[in-house]
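The values are calculated or read from the model by the stated rules, or taken from the named source; none is laboratory data. Predicted model only: the values in this text are computed from it and were never measured. Here the Cβ is made from the backbone with ideal geometry for all residues, glycine too, and neighbour counts use every protein chain on show.
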Protein chains: 4
Amino acid sequence: MTRFEPRDPDWEDRVRGSFARQEFMEYLGVEIGHLSPGETDLVLPFRQELMQQHDYFHGGATATIADSAAGYAALSLFPPGIGVLTAEFKINLLNPAIGERLVARGRVIKPGRTLTVSRSDVYALNNNSETHIATALVTLMSIETLDD
Amino acid sequence: MTRFEPRDPDWEDRVRGSFARQEFMEYLGVEIGHLSPGETDLVLPFRQELMQQHDYFHGGATATIADSAAGYAALSLFPPGIGVLTAEFKINLLNPAIGERLVARGRVIKPGRTLTVSRSDVYALNNNSETHIATALVTLMSIETLDD
Amino acid sequence: MTRFEPRDPDWEDRVRGSFARQEFMEYLGVEIGHLSPGETDLVLPFRQELMQQHDYFHGGATATIADSAAGYAALSLFPPGIGVLTAEFKINLLNPAIGERLVARGRVIKPGRTLTVSRSDVYALNNNSETHIATALVTLMSIETLDD
Amino acid sequence: MTRFEPRDPDWEDRVRGSFARQEFMEYLGVEIGHLSPGETDLVLPFRQELMQQHDYFHGGATATIADSAAGYAALSLFPPGIGVLTAEFKINLLNPAIGERLVARGRVIKPGRTLTVSRSDVYALNNNSETHIATALVTLMSIETLDD
């Protein structure tokens, strides 16, 4: 795994601050797990309101944390004053999203001045086991004019 | 645009029934707009809880309705007793998702016995204008053993 | 369908010149069909060397013309001196690619200063019928420093 | 990395036989590198005919080996008599594809009865260095009625 050097000494405050301003994260109940340069884990505990018709986590909830984990992994490597937007992502749903909580592990594959590519792998956690329920590729864009 | 013939005379009841059982749809405030064989429009009114850090609709909320609209467009063409699961999707975010509400227009491109491919286009509605904010390609899978 | 205004009066010469320098296009036998601002059709006649193990056009050949048609549709709208690179694409293969020739119809969905999003639909042509064999979403990037 | 058990004792002969019948592979000059259950590496040596206008390997050539490596990785795990088709794939181009040869490393992420998901990472090799030039997610479908 590549190790990345952050270009903003305050990268962690920026990521946590941006996350705290995302009302959708709070509404779903998403929490930050792990943070390091180029890496973000987001955790989504089970709530009945997040389910689809078969009582799995809805694919949209899974996609939301996959996208956000990838985006914060990217933002952690950006210079000061540069914000992040998702340009696009693709996600494969691999197994039913059944569990006490989901964790999305976002990892930067290729940092770039304009575009950064991250992957996210999402796991369902139950007792002591984890099941790989989704994998995503995400293209993030650096934005000069946006606060993150 | 291709016209599709439904294979289940009760297709509309099935789609509405499945939608009503998706708690995540209700939690976000998603409503059914238009329904016809191979076509589903889903509407997501503005709520502050759905926003990201720049006060746009969160990409995850946009992706959720894009995926679901594509899935119900597919389900409307399935035979009785066959359920639907999203295998994967890809979404491009085209413009900031700012508006009074979003509408996702899911349309079947290619129905199939095992896999159905749909597209979804998402628009932000403001007064009398609409802005194209996202486009998605979605692969849906027919499932024999699932209630939808 | 949106009508686009080209920003380079010589857009057609640039597209044809760039295409002529792509040796891979010549090696596969790709020809330009239709060109207009924001639109490019590329045609790939049947050759046994392009087949896969079931004697369909190889998915890689289909993807090549889908990607290139989307890229030239984008380039046709770029200002003078700006080149194009594919950032990423996604393609769904819908039907067996059997026919006398394939045509990929690339159309710009959303032009942009940095990123342009195009779609490509690929059809197999036989006598007087056409079959929709693939659909793609393509993200193109503007590059200041490259000749196209 | 997960270890997979092949379900066909003749998996290697099947993969090599199917590869040998793909005329497009021979036309581009693709060679099999590594094979093991759930893993396929394909190698594409430099040829001027594979270049695009900036003298990089064409994205279509890169996509072709990414798709095929993912597909053969999947096929290696299929039971006897079941063939493979690509349902869809998505590829991100990460760096210019400049080098003496490309290698696409296809790895199964999730095997399945109907759908298998693989990833492919493509590297450009130069002297003793390798550059990560593309990453792809590929959905493969099992087909009962096809010879592979």
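Taking the stated definitions as given, is A:ARG107 in contact (Cβ under 8 Å) with a residue 60 or more places away in the chain, in contact with a strand residue (DSSP E or B) (Cβ under 8 Å, 6 or more places away or on another chain) and among the charged types (D, E, K, R)? Yes, satisfied.
Filter segment C:89-106 for residues that are within 12 Å of chain D (Cβ to nearest Cβ) and of a type outside the set (Val, Ile, Thr) and give the result. Across segment C:89-106, the qualifying residues are C:PHE89, C:LYS90, C:ASN92, C:LEU93, C:LEU94, C:ASN95, C:PRO96, C:ALA97, C:ALA104. For segment D:107-141, a residue qualifies if it is hydroxyl-bearing (Ser, Thr, Tyr), surrounded by fewer than 21 Cβ atoms within 10 Å (Cβ to Cβ) and within 11 Å of another protein chain (Cβ to nearest Cβ), and the qualifying residues are D:THR114, D:THR131. The condition of being within 13 Å of the chain's Cα centre (by Cα) and of a type outside the set (A, V, I, L, M, F, W, C) does not hold for A:GLY99. Among the residues of segment A:39-61, those that are touching a helix residue (DSSP H, G or I) at 6+ places or on another chain (Cβ under 8 Å), within 14 Å of another protein chain (Cβ to nearest Cβ) and either surrounded by 18 or more Cβ atoms within 10 Å (Cβ to Cβ) or small (Gly, Ala, Ser) (or both) comprise A:LEU42, A:LEU44, A:LEU50, A:MET51, A:GLN52, A:GLN53, A:PHE57, A:HIS58, A:GLY59, A:GLY60, A:ALA61.
Scanning segment C:10-29 turns up one or more residues that are closer than 30 Å to D:LEU137 by Cβ, touching a Pro at 6+ places or on another chain (Cβ under 9 Å) and free of Cβ contacts under 8 Å to residues at least 40 places away in the same chain. Does A:LEU35 count as surrounded by 21 or more Cβ atoms within 10 Å (Cβ to Cβ), in contact with a Ser or Thr (Cβ under 9 Å, 6 or more places away or on another chain) and hydrophobic (A, V, I, L, M, F, W, C)? It is false that A:LEU35 is surrounded by 21 or more Cβ atoms within 10 Å (Cβ to Cβ), in contact with a Ser or Thr (Cβ under 9 Å, 6 or more places away or on another chain) and hydrophobic (A, V, I, L, M, F, W, C).
Against the criterion of being touching a residue at least 60 places away in the same chain (Cβ under 8 Å), within 15 Å of the chain's Cα centre (by Cα) and closer than 27 Å to B:THR114 by Cα, C:ALA74 does not qualify. Taking A:GLU49 as the residue in question, decide whether it is among the acidic types (Asp, Glu) and within 18 Å of B:MET25 (Cα to Cα). Yes: the conditions hold for A:GLU49. When segment B:69-104 is limited to residues that are touching a strand residue (DSSP E or B) at 6+ places or on another chain (Cβ under 6 Å) and among the hydroxyl-bearing types (Ser, Thr, Tyr), the one that is surrounded by the fewest Cβ atoms within 10 Å (Cβ to Cβ) turns out to be B:THR86.
Of the residues making up segment B:77-95, at least one is out of contact with any Gly (no Cβ under 8 Å at 6 or more places or on another chain) and charged (D, E, K, R).
Consider D:THR64 carefully, then state whether it is buried (at least 19 other Cβ atoms within 10 Å of the Cβ) and more than 17 Å from C:ALA61 (Cβ to Cβ). No. Any residue in segment B:41-55 that is assigned to a strand (DSSP E or B), among the charged types (D, E, K, R) and modelled with pLDDT of 95 or more? Checking segment B:41-55: at least one residue is assigned to a strand (DSSP E or B), among the charged types (D, E, K, R) and modelled with pLDDT of 95 or more. D:THR64 fulfils the conditions (1) β-branched (Val, Ile, Thr); (2) more than 7 Å from chain C (Cβ to nearest Cβ); (3) within 19 Å of C:MET51 (Cβ to Cβ) except for a single criterion, (2).
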